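Worksheet: the structure to be examined is printed underneath.
The values are calculated or read from the model by the stated rules, or taken from the named source; none is laboratory data. Values in this document were obtained by computation on a predicted structure and should not be read as measured data. Don't worry about glycine lacking a Cβ; one is built from the backbone with ideal geometry, like all the others, and counts go over all protein chains shown. Keep in mind that these areas ignore ligands, DNA and RNA; they rest on the heavy atoms of the full protein, side chains included. Shrake-Rupley method; radii C 1.70, N 1.55, O 1.52, S 1.80 Å.
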Amino acid sequence: SHSFDDGDSLMIVPHPNWSGSAQIHVSVFDGEYSDSKDFELVVNPVDDDPFVDGYLPDLYLYEDFEDTLREDLRGIFEDVDGELTFSVAFETDGIVSGTVVGDTMLTLTSLQDANGVTEMHITASNPTRASVTDTVLITVFGENDAPVLADMEL
């Protein structure tokens, strides 16, 4: 912690995200007399809200993309108090599939012949259920599939 005094007052500023107790010793002297006092400073912990610390760009994909896209969400969201849990949802279903695998890995896969535009909402929650959501725009461009001869009845 840092302390500042201006003669008749004392301000103590703890380090960011620190909690606990500290013994503080204060001495005064007026040129002739002196006195001192010890006291305990207690800073109670609080559960800080998670926050978005990284960047997920908007995604532009082609229908039936083959490579599964993976992103480690621990590099995108932060919580100074501990572990986060993640969830993913889409504004419009049926355009792309997404799940969180292994607690932290966002995985996107194509849906056969699906294309369009949707917003993906990624939510990070801490143990007290405080949460933050980041939104990514996903565009899946349509591909002109080759024609297929249908079964014909003779």
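A compact table of results
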{"read-out": "Extended-chain gain in nm, criterion 0.36 nm per residue less alpha-carbon gap, GLN23 and VAL80", "value": "18.0 nm"}
{"read-out": "Sulfur and carbon atoms: percent of accessible area, the chain [1.4 Å]", "value": "49 percent"}
{"read-out": "Listed values (i) 22; (ii) 51; (iii) 17, entry calculated as percent of Cα pairs over 28 Å apart", "value": "(ii)"}
{"read-out": "Choice from ALA130, ALA22, ALA114 showing the highest fluctuation, given a GNM over the chain with Cα pairs closer than 10 Å", "value": "ALA22"}
{"read-out": "Cleavage-rule hits (GluC sites (Glu not before Pro)) in region 1-100: DSSP loop, at most 16 neighbouring Cβ within 10 angstrom", "value": "GLU32, GLU66, GLU83, GLU91"}
{"read-out": "Vicinal HN-Hα couplings computed from phi for region 121-129 (Karplus, 6.51 cos²θ - 1.76 cosθ + 1.60; Hz; Gly/Pro x)", "value": "10, 9, 10, 10, 10, 9, x, 8, 6"}
{"read-out": "Note, ³J(HN,Hα) from phi for region 24-39, Karplus 6.51, -1.76, 1.60, rounded to Hz, x at Gly and Pro", "value": "10, 10, 10, 10, 10, 8, 9, x, 10, 10, 9, 8, 8, 8, 10, 8"}
{"read-out": "Accessible area, probe 1.4 Å, largest first, for residues THR139, THR133", "value": "THR133, THR139"}
{"read-out": "Residue among SER87, SER34, SER97 with the largest mean-square fluctuation in a Gaussian network model of the chain, springs linking Cα atoms under 10 Å", "value": "SER34"}
{"read-out": "Simple Cβ-charge dipole of region 1-146, Lys/Arg +1 and Asp/Glu -1, about Cα centre, in debye nearest 20", "value": "240 debye"}
{"read-out": "Förster radius 41 Å - calculated FRET efficiency between ILE12 and VAL52 (Cβ-Cβ, nearest 0.05)", "value": "0.85"}
{"read-out": "Probe 1.4 Å, accessible area per residue of region 9-154, Å²", "value": "69 Å²"}
